[in-house]
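Please read the structure below before turning to the comments.
Quick note: the coordinates plus some simple rules give every number you see, no bench work behind them. This one's a predicted model, so the numbers in the text were calculated from it and none came from an experiment. Glycine gets a Cβ as well: all are built from the backbone with ideal geometry, and neighbour counts include every protein chain shown.
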Amino acid sequence: MSIAISTNKDVFLLNTKSTSYAFGIDDQGLVRHLYWGKKLPSAEEFEMPQLTEVSTNDPVYEITREEFPVYGGLRYKEHCLKATFADGTRELVYQYCGYDVEQGDACEELILHLRDAHYDLLLDLHYKLYPDYDLMERSVVVKNQMEEPLQIEKIHSAQFHIPYENLNFSNVHGHWGAEQQRFVQKVSYGKVVIENRRGISSHNHNPYFILDRDATETTGEVYFGALRLTGNFSGVVEQTPYGETLVQMGLNSHDCLLTLQPGESFTAPAILCGYSDSGFETMSHNLHRFARENLMGEGLRPVLYNSWEATEFHVNSRDQVKLAQKAAELGAELFVLDDGWFGERHSIQNGLGDWYVNEGKFPNGLEELIDAVKEQNMMFGIWVEPEMVNPKAQLYQDHPDWIYHYETRVTDTSRVQYVLNITKPEVKEFIYDMLDDLLTRYDIDYIKWDANRPISQTGPQRDVWYKHIQTVYEIVTELKKKHPKVLFEACASGGGRIDYGILGIFDDFWTSDNTDACDRLYIQDAYSRIYPIKAMRAWVTDCPNFLSQRVIPLTFRYHSAMMGSLGVGCNILKFTPEETELSQKMIRQYKEIRPIIQEGTFYRLENPSANQYFLYEYLKEDLGVLFAFLPQSKVGHRGTTVRLRGLDEAAAYVLHTSKGDIVKSGSYLMYHGLEIRLTGDYASAIIRFEKPQ
Ligand code: GLA
């Protein structure tokens, strides 16, 4: 049992393999946080602190560690829930009224029932424990059992209390082409807010928090949580004047109003959270393994070829067939036809919404290309952007009222497109039917689902920010029921939809349109802190890179992309015989190490050298791979000593280096380390190793 309840039934101790989380019910019926950290043995030892006012200006609620603070009374800190009742009352007063425990397959769940003191409104606080992963999922369900509607103005899924000040908060910042730029900042007095208001993207920040006490990869305390939501989220970290740090995350209340009709309930998106006393590595390992084993489908991701950077909108059957044949020759297993195959889509100006195959480009239908792909024993994938429409498209001419808009205002376009109001049943049905038809008519194995602009001018409904993405989830979930073999890639102008809301519904993330192999090292490193490697799509593309104009050797480009789910996006018809041969060799090598990369344990290794080496390790049982990159060799041109992780101390490992095989003990490799010296710019190496049986 991972849930321990005290004899008085007023303290709940939630245990995972090595952590504990505790809260209790006080004599006023408030649910009060007691502990989050290393595992504790018993629920009986806790005592509920007596609350005393600091002064009349510092009411007790300000120092009460509430699990789920609601708006009302003398509460001035961030609250998780603010609602308005039909009679105009704008405060909540809850009372604890019992609990339930439910047993799942990999989890156990505690549900705490709270009821408003006056109104027939229930709040259920959910704590789902995944003991084996040292993770917990928190969420809340609001149930309106009144005869009148309830308006929810703000709902955050949970509050966490961390009993320290001066923590480090880390997340990512960025924009298109520069997603996942990691930043770390000190939390001091006041608030740190990260959020998204665009409805569509996580280019700018990502819905997770990491708070640490000067942790490293392998040491120190880390508290973390990832919100299972795509779209408008907000997260607030607040260091209070009372000696603790609070963190909340949930739906962004910006321009949001949810109305719960009588009998309706609302389940807030869950936060997947955990604690590590052994640094960031443990955090990443727990999240990665949880995602792989519980959210993502089984099986290895195919090596992909995508024709976007090669042909952009200039798509035609003849060239795509040639590309497919060449991709097969290189060793690709999945051919993805990107934008430009449908309607009058010759540029960004037109086509979105008109999802019929363009006859000029595919005079013999899409079948000609699909047959050629299948003849090469490859899977076939196709790009769509279902939530959007171009003003010139026939769909918009037929249904101008299907877009988000205000009757009295000019609707903004972005990338020459409008956003469809997919929360309208007829629009949702149109999109589902269009995709169902596409998947039924053609032998398609992979959908790249794109969304290339933020939502705006949402019309009178203020719940669409939330409902829009729920509708996307629903459409894909339904499609997958009918077409279970199809994999879905979540793309939004690159990495605009990377989060734990979409993962599991979709299978892969398009990490970024920035395919510069060097920039990708930073992007991939930051991504890997929270998200699993198997879902990280990474392509090798042509040089000079379209964005950075940098010229990077093909080997480095392959090595960088081999760190995730490998893809190729070059104009491979222009490959020299040497490039073809190198690509074949790299793809062959990737397939050999793919189970270790996609299903293994991932380590960000320390670089003790003054030269900026990027060092990573993947380990799966007795097999391992070490990646080393040196984008630019600097003064001294020194090597580095890389200390591996996770090995068996007593075992002898064989390392296949460029200078031949060497044998070293696990202890030597972990504590002394392996000397590596890369020279020149954009130098890289992959060293495979194994523990012989
Ligand atoms: C977005 C995607 C790209 C590509 C283009 C096509 O920018 O991120 O990968 O699919 O759209 O228009």
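Among GLU617, GLU66, GLU147, sorting on how many other beta-carbon atoms sit within 10 Å of each Cβ, with the fewest leading, yields GLU147, GLU66, GLU617.
Only beta bridges with both residues in the chain are counted; by DSSP, about 80 percent of them are antiparallel.
Spin-label model, SER658 to TYR189: label points 7 Å out along the Cα-to-beta-carbon direction sit 5.6 nm apart.
Among VAL184, VAL303, the ranking by other beta carbons within 10 Å of each residue's beta carbon, starting with the fewest, stands as VAL184, VAL303. When you restrict to C-alpha pairs under 8 Å that are six or more residues apart and normalise by the size of the chain, the relative contact order lands at 10 percent.
Within the shell defined by Cβ-Cβ distances under 10 Å, the residues around TYR99 carry a net charge of -1, with Lys and Arg each +1 and Asp and Glu each -1.
Given only helices, namely DSSP H runs of n ≥ 4 each adding -39500 (n - 2.57), what is the per-residue ellipticity at 222 nm of the chain, to the nearest 500 deg cm²/dmol? Display every interim value, and only then the final one.
Numbers: 11 runs with 129 residues, N = 693.
Calculated mean residue ellipticity at 222 nm is -5500 deg cm²/dmol.
Look at LYS481, LYS585, LYS428 and count the other Cβ atoms within 10 Å of each Cβ; fewest to most, that gives LYS481, LYS585, LYS428.
Coupling constants for segment 559-574 follow from the phi torsions by the Karplus curve (6.51 cos²θ - 1.76 cosθ + 1.60, θ = phi - 60°), and in residue order they are 4, 4, 6, 6, 6, x, 8, 5, x, 10, x, 7, 7, 6, 6, 9 Hz; glycine and proline get x. With 32 Å as the limit, the listed pairs LYS38/LYS448; LYS154/LYS424; LYS585/LYS620; LYS482/LYS691; LYS191/LYS481; LYS17/LYS154 have LYS38/LYS448; LYS482/LYS691; LYS191/LYS481; LYS17/LYS154 beyond it between alpha carbons.
What residue among GLY501, ILE444, LEU420 has its Cα farthest toward the positive end of the dipole of the chain, where the charges are +1 on Lys, Arg and -1 on Asp, Glu, each on the Cβ? Looking along the dipole axis, the top candidate is ILE444. For LYS634, the aspartates and glutamates whose Cα comes closer than 16 Å to its Cα, not counting residues fewer than 8 places off in the same chain, are ASP681.
LEU260 sits among other residues whose Cβ lies under 14 Å from its own Cβ, and their net charge, with Lys and Arg +1 and Asp and Glu -1, is -3.
Tell me the net charge near TRP465. Cut-off is 10 Å between Cβ atoms, TRP465 excluded, with +1 for each Lys or Arg and -1 for each Asp or Glu. It would help to have the intermediate numbers written out before the result.
Values: positive: ARG197, ARG198, ARG462, LYS467; negative: ASP255, ASP463.
Net charge around TRP465: +2.
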